[in-house]
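S.K.: This is the structure I have questions about; it appears just below.
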Amino acid sequence: MALLEVRDLTVVFQRKGEEPFRAVDGVSFDVEPGQTVGLVGESGCGKSVTSLAIMGLLPKRGAKITGTVRYDGTDLLKLSDKEMRDRRGRDLGMVFQDPLSSLNPVVPIGLQVTEVLERHRGMPRKEAMIEAKDLLDKVGIPDPNRRLKEYPHQLSGGMRQRALIAIALACRPKLLIADEPTTALDVTIQAQILSLMKELVQDLGTALVMITHDLGVVAGLCDEVNVLYGGKVVEKAMRHKLFAEPRHPYTHGLLASIPRLDAAPGEKLTPIKGSVADNIPWSQGCAFAPRCPNALDVCVQVTPAEEDQLGRLLRCHNPVVPGTPAAEEVPV
Amino acid sequence: MSETLVSVQDMKVHFPIKRGVFFDRTVGHVYAVDGVDLEIKRGETYGLVGESGCGKSTLGRAMLRLNEPTGGKMIFDGQDFSSLKGEDLRKMRRRIQMVFQDPLSSLDPRQSVESILVEGLRAHDLDKGKEETGKRLRELLSAVGLPSTALRKYPHEFSGGQRQRIGIARALALNPDLIVADEPVSALDVSVQAQVVNLLEELQEQFGLTYLVIAHDLAVVKHISDRVGVMYLGGLVEEATSEDLYAEPLHPYTRALLSAIPVPDPVVEDRRERILLAGDLPSPANPPSGCRFHTRCPWRQQTRCDTERPALRELKPGHKVACHWAEQIQSGEIQPHEVKPILVEEDDGISPDVPLVGPASVTEALNP
């Protein structure tokens, strides 16, 4: 059985006097124990809201969440606040994008790590401090004894992100959700953090949900990849399959628009026309249709259903035939 | 193509670190740019890459004299740009324009697109009557792919990619020779990034522009540039054509940087060898002695590296590198070794030999 089973997760934001906004629209995916699953998409595709909904971090008022999020057999969405608090940090760990704003600036790092240990594992402070030192050591923070007493502003961005990972992994959760953990970091530091996460996930057998906009990060890290667009999963496949043969025009377009280091000189980029603002609602047709080079008439009339095609889920009326180059488009 | 448009010689920008309420005592310097030489030829695109804090943006700004350089000079089209003053400087600036990173904060939210574009034309006496200016504005907008109805709109009405197009149109308005683009695409979504990159390339062909593109994303820089300079902690460590740099990086830092960039292809990702750098970028207020990179370099040697600062030297035609041991590293004579990360102090860069007398702030002065 899967460790985490997300079924038809839908998050609707409702503000007084405004049209309800479906940020996440029927997202389903499974995470097996020890597996790394990627959620990829551009800003506004609903990837972060998905993670917040799983963790129960969305506000009760204003956000309507439907569907099920089954973790080890229990539906997280049905748990009370108190039950959820017991699970967060113990069973489910989370690493956020901006390490400076997710650490408490007026509390030393040491206390922030031991807080989790005291709360969930009932350790006395002294013991927890020793454990915290080991944790910082494990995530590669040099001189952990001194760092325990320091405040977040005294650490560099990479070190802060390491501290955050240490906190998330303090109780050895079975599932770790990382929301753009390296976006705020430089590439060399990003490489450090990614290899650290890879190592820890392997050592501890933790399952990882990796949320990112960077297809390069996904290519190196994730087993299975979900590509999100406008709140729905448009394509889902194992990474080798997805990158070798992207079938959805959006995935195909994204890959063609990224400059690659190993590209031949003089190779042109093929951008996707328009921007996310040009979407049409899913209820009307395919949200990507206005930007899609493959769009047919049916695309703006009928919502494409999710189809299983030999181990790949695809939501498209007119998928890309493998081997075709990206269509030339005049930027609008 | 071979004519040199810009030549930067030994450019230095040092920001003073000040302390004290009553006397502004300078207690140290941040060596943001510390002796950079580079040449940009007419019609080419020069890419400047490096991580945050390496001084690439400061160098770009210093070239336009948005930050006054502390030392060195820049020759622009045969004239010493760094010694110009007043009206001469202002006139010269027409020929060097800039595109900024964040398109929302670099456009005045209370100015319409028309007024943003006309402002520069007026300042340089290029506003020749209503009709002609209107025609010019429509030309500009169509060059950057925006409809002419955009003129009456305000920056907040556009998406990120469109705003960046406005920023580019503003730079183009004055028919510049050189455009300095500081992280022109890093604030944009990937699908939109490619649109702006392609636009920059098309405009270069159309108007014969020369670009200095500053970015942290080596893949973008490699794609757009003819030549690339890699910066580390205030200095250039390597300079080559973009193909050479990728095919044969000579400086250990460039190697590490290239190996750290994720490639969206699992087959490549699984195979590649990664050079992980230990630790963080040292503080530019207190840079390491000798080679700035020696504290993190896996190829560091016992001699020279920590005592002697390597100069940028030409190893092959068109390929310069600032490393004492570049030949030996390339031939495999020197093998990489493990590096222990060194603690990087997030200090204020105050050198220990400056006596700290007097209060540092008002609070300190009131409660000694």
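S.K.: I'd like the antiparallel share, as a percent to the nearest 5, of DSSP beta bridges with both residues in segment B:112-239.
M.R.: Numbers: 4 of 9 bridges.
Antiparallel: roughly 45 percent of the beta bridges in segment B:112-239.
S.K.: A further question on this structure: Over all distinct Cα pairs, what is the inverse of the mean 1/r for chain A, reported as the Kirkwood hydrodynamic radius in Å? Walk me through the numbers on the way to the answer.
M.R.: Working: mean 1/r = 0.0473 Å⁻¹.
After inverting the pairwise mean of 1/r, the radius is 21.2 Å.
S.K.: Quick check: at a probe of 1.4 Å, how many percent of the accessible area of segment B:75-171 sits on carbon and sulfur atoms?
M.R.: Values: 2460 of 5280 Å².
Carbon and sulfur together cover 47 percent of it.
S.K.: At 1.4 Å probe size, with the rest of the protein present, what percent of the exposed accessible area of segment A:167-311 is carbon and sulfur atoms?
M.R.: Here it works out to 51 percent.
S.K.: Cβ neighbours within 10 Å, averaged per peptide: list B:178-190, A:107-119, A:288-300 in order, most packed at the top.
M.R.: Top of the packing list down: B:178-190, A:107-119, A:288-300.
S.K.: Based on the alpha-carbon set only, what is the convex hull volume of segment A:1-79 divided per residue, in Å³? Please list the in-between numbers first.
M.R.: Details: hull volume 6.9 nm³, N = 79.
So the per-residue Cα hull volume is 87 Å³.
S.K.: Counting only protein heavy atoms, probe 1.4 Å: which residues of segment A:273-287 lose 50 Å² or more of accessible surface in the full assembly compared with their chain by itself?
M.R.: Correct list: empty.
S.K.: Whole-Å semi-axes of segment A:99-150's equivalent ellipsoid, largest first, each the root of 5 times a Cα gyration tensor eigenvalue? Please report the intermediate quantities before stating the final value.
M.R.: Values: eigenvalues 54, 41, 17 Å².
Semi-axes (√(5λ), whole Å): 16, 14, 9.
S.K.: Could you do me a favour and compute the accessible area per residue for segment B:110-152, 1.4 Å probe, result in Å²? Walk me through the intermediate numbers first.
M.R.: On the way: 2690 Å² over 43 residues.
On a per-residue basis, segment B:110-152 sits at 62 Å².
S.K.: Given a 1.4 Å probe and no ligands, DNA or RNA in the count, how much accessible surface is buried by A and B, both sides, to the nearest 100 Å²?
M.R.: Working: alone 16360 and 18790 Å², together 30920 Å².
Buried area between the two chains comes out at roughly 4200 Å².
S.K.: With the convex hull built on the Cα atoms of segment B:175-311, state its orientation-averaged projected area in nm². It would help to have the intermediate numbers written out before the result.
M.R.: On the way: hull surface 41.9 nm².
Computing the convex hull of the Cα atoms and averaging its projections yields 10.5 nm².
S.K.: Alpha carbon centre of segment A:291-305 versus segment B:1-57: separation in Å?
M.R.: 51
S.K.: What average number of partner chain Cβ atoms lie no more than 10 Å from the Cβ of the residues making up B:218-230? Show your work: numbers first, answer last.
M.R.: Working: counts 3, 8, 4, 1, 6, 10, 2, 0, 1, 0, 0, 0, 0.
Partner Cβ neighbours, averaged per residue: 3.
S.K.: Relative contact order for chain B: what is it in percent, counting Cα pairs under 8 Å that are at least 6 residues apart? Present the calculation step by step, with values, prior to reporting the outcome.
M.R.: Details: 666 pairs, mean separation 73.2, N = 368.
Contact order relative to length: 20 percent.
S.K.: Moving on. Once the convex hull of the C-alpha atoms of segment A:152-216 is built, how many Å³ does it hold per residue, rounded to a whole number? Don't jump to the answer; show the numbers that get you there.
M.R.: Values: hull volume 5.5 nm³, N = 65.
Residue-normalised Cα hull volume stands at 84 Å³.
S.K.: Right, another one. What do you get for Rg/Rh of segment B:120-178 when both radii come from the Cα atoms and Rh is the Kirkwood radius?
M.R.: Details: Rg = 11.5 Å, Rh = 12.0 Å.
Rg/Rh: 0.96.
S.K.: Taking only the Cα atoms of segment A:108-184, how large is their convex hull per residue, in Å³? Write down the numbers at each step before the final one.
M.R.: Working: hull volume 6.4 nm³, N = 77.
Once divided by residue count, the hull of segment A:108-184 is 84 Å³.
S.K.: Now for a different question. Tell me the net charge near B:Gly332. Cut-off is 14 Å between Cβ atoms, B:Gly332 excluded, with +1 for each Lys or Arg and -1 for each Asp or Glu. Numbers along the way, then the final one.
M.R.: Values: positive: B:Arg255; negative: B:Glu248, B:Glu273, B:Glu327, B:Glu333.
Neighbourhood net charge equals -3.
S.K.: Largest first and in whole Å, give the semi-axes of segment A:243-282's equivalent ellipsoid, each being the square root of 5 times a Cα gyration tensor eigenvalue.
M.R.: One finds semi-axes of 23, 13, 6 Å for segment A:243-282.
S.K.: How many partner chain Cβ atoms sit within 10 Å of a residue's Cβ in peptide B:193-204, on average, as a whole number?
M.R.: Details: counts 5, 12, 11, 2, 5, 6, 2, 0, 2, 1, 0, 0.
Per residue, the average neighbour count from other chains is 4.
S.K.: Calculate the dipole size of segment A:231-332 relative to its Cα centre from +1 charges on Lys and Arg beta carbons and -1 charges on Asp and Glu beta carbons; express the result in debye to the nearest 20.
M.R.: Details: 11 positive and 11 negative charges, 49 e Å.
I would put it at about 240 debye.
S.K.: Taking Cα atoms, how many degrees apart are the long axis of helix A:157-169 and the longest axis of chain A, rounded to 10 and kept between 0 and 90?
M.R.: Helix A:157-169 sits roughly 80 degrees off the main axis of chain A.
S.K.: Here's something else I'd like to know. Which pairs in the list A:Lys241/A:Lys268; A:Lys16/B:Lys153; B:Lys73/B:Lys320; B:Lys18/B:Lys340; B:Lys41/B:Lys130; A:Lys236/A:Lys273 are over 26 Å apart, alpha-carbon to alpha-carbon? Each step should come with its number before you reach the end.
M.R.: Values: A:Lys241/A:Lys268 24 Å; A:Lys16/B:Lys153 28 Å; B:Lys73/B:Lys320 21 Å; B:Lys18/B:Lys340 33 Å; B:Lys41/B:Lys130 36 Å; A:Lys236/A:Lys273 23 Å.
Beyond 26 Å between Cα atoms: A:Lys16/B:Lys153; B:Lys18/B:Lys340; B:Lys41/B:Lys130.
S.K.: Any idea what the alpha-carbon Rg over 2.2 N^0.38 Å comes to for segment A:171-289? Walk me through the intermediate numbers first.
M.R.: Details: Rg = 16.3 Å, N = 119, 2.2 N^0.38 = 13.5 Å.
Normalised by 2.2 N^0.38 Å, the Cα Rg of segment A:171-289 equals 1.20.
S.K.: In Å², what does the accessible area per residue of chain A work out to with a 1.4 Å probe?
M.R.: Numbers: 14280 Å² over 332 residues.
Dividing the accessible area of chain A by its residue count gives 43 Å².
S.K.: Taking Cα centroids, how far is segment A:12-78 from segment A:253-276 in Å?
M.R.: Segment A:12-78 and segment A:253-276 have Cα centres separated by 30 Å.
S.K.: Work the Kirkwood hydrodynamic radius out for segment B:191-248: mean of 1/r over every pair of different alpha-carbon atoms, inverted, in Å.
M.R.: Working: mean 1/r = 0.0804 Å⁻¹.
When all Cα pairs of segment B:191-248 are included, the Kirkwood radius is 12.4 Å.
S.K.: For chain B, take the longest principal axis of its alpha carbons; what is the angle in degrees between that and the long axis of helix B:113-123, to the nearest 10 within 0 to 90?
M.R.: Approximately 80 degrees, to the nearest ten.
S.K.: If amide hydrogens are placed 1.01 Å from N in the peptide plane, which non-local residues have theirs closer than 5 Å to the one on A:Asp75?
M.R.: Sorted by chain and number, the residues that satisfy this come to none at all.
S.K.: Kindly identify residues of segment B:272-290 having a loss of at least 30 Å² in accessible area between the isolated chain and the assembly of all protein chains, probe radius 1.4 Å.
M.R.: Those are B:Leu276, B:Leu277, B:Asp280, which lose 30 Å² or more relative to the chain on its own.
S.K.: Above 16 angstrom, tally the Cα pairs of segment A:231-332 and express them as a % of all pairs, no decimals.
M.R.: Working: 2994 of 5151 pairs.
Every Cα pair in segment A:231-332 considered, those over 16 Å come to 58 percent.
S.K.: Charges on Cβ only, +1 for Lys and Arg, -1 for Asp and Glu, centred on the Cα centroid of chain B; of B:Val263, B:Leu277, B:Ser159, which one is farthest towards the dipole's positive end?
M.R.: B:Ser159
S.K.: Which number do you get for Rg(Cα) / (2.2 N^0.38 Å) in the protein assembly as shown?
M.R.: Details: Rg = 26.7 Å, N = 700, 2.2 N^0.38 = 26.5 Å.
So the Cα radius of gyration is 1.01 times the expected 2.2 N^0.38 Å.
S.K.: Cα-based Rg of chain B per 2.2 N^0.38 Å, rounded to two decimals? Write out the running numbers ahead of the final one.
M.R.: Values: Rg = 22.7 Å, N = 368, 2.2 N^0.38 = 20.8 Å.
Computed over Cα atoms of chain B, the ratio equals 1.09.
S.K.: Counting only protein heavy atoms and using a 1.4 Å probe, what share of the accessible area of segment B:199-272 belongs to carbon plus sulfur, as a whole percent?
M.R.: Working: 960 of 2120 Å².
It is 45 percent, rounded to a whole number.
S.K.: Using only Cα atoms, what Kirkwood radius does segment A:130-173 have, in angstroms?
M.R.: Details: mean 1/r = 0.0971 Å⁻¹.
It is 10.3 Å.
S.K.: Work out how far the C-alpha atoms of segment B:13-86 reach from end to end along every principal axis, then list the three figures in whole Å, largest first.
M.R.: On the principal axes, segment B:13-86 reaches 50, 34, 17 Å in Cα extent.
S.K.: Could you estimate the translational diffusion coefficient of segment B:54-199 from the Stokes-Einstein equation, with Rh from the Kirkwood formula over C-alpha pairs, at 20 °C and 1.002 mPa s, in whole µm²/s? Mind showing how you got there, number by number?
M.R.: Details: Rh = 16.2 Å.
Translational diffusion coefficient: 132 µm²/s.
S.K.: Could you compute how fast segment A:15-126 diffuses translationally, taking Rh as the Kirkwood radius over C-alpha pairs and applying Stokes-Einstein at 25 °C with viscosity 0.890 mPa s? Give it in µm² per second.
M.R.: Working: Rh = 16.6 Å.
The estimated diffusion coefficient comes to 148 µm²/s.
S.K.: Where the centroid of each part is defined by its Cα atoms, how far is segment A:139-154 from segment B:217-236 in Å?
M.R.: 33
S.K.: On average, how many beta carbons from a partner chain sit within 10 Å of the beta carbon of a residue in B:184-192?
M.R.: Details: counts 0, 1, 0, 0, 3, 11, 15, 14, 9.
Taking all residues of B:184-192 together, the mean is 6.
S.K.: Three principal axis extents, largest first, for the C-alpha atoms of segment B:237-301, in Å?
M.R.: Computed over segment B:237-301, the largest-to-smallest principal extents equal 41, 26, 23 Å.
S.K.: Using the alpha-carbon atoms, what tilt in degrees (0 to 90, nearest 10) does helix B:130-143 show relative to the longest principal axis of chain B?
M.R.: Orientation of helix B:130-143: about 50 degrees from the principal axis.
S.K.: For Cα pairs less than 8 Å apart in space and 6+ apart in sequence, what is the mean separation divided by the residue count of chain A, i.e. the relative contact order in percent?
M.R.: Details: 613 pairs, mean separation 62.2, N = 332.
In percent, rounded to a whole number, it is 19.
The values are calculated or read from the model by the stated rules, or taken from the named source; none is laboratory data. Everything numeric here is computed off the predicted structure, so don't read it as measured data. Reconstructed Cβ throughout: ideal geometry from the backbone, glycine too, with neighbour counts over all protein chains shown. Accessible surface areas use protein heavy atoms only, side chains included; no ligands, DNA or RNA. Shrake-Rupley method; radii C 1.70, N 1.55, O 1.52, S 1.80 Å.
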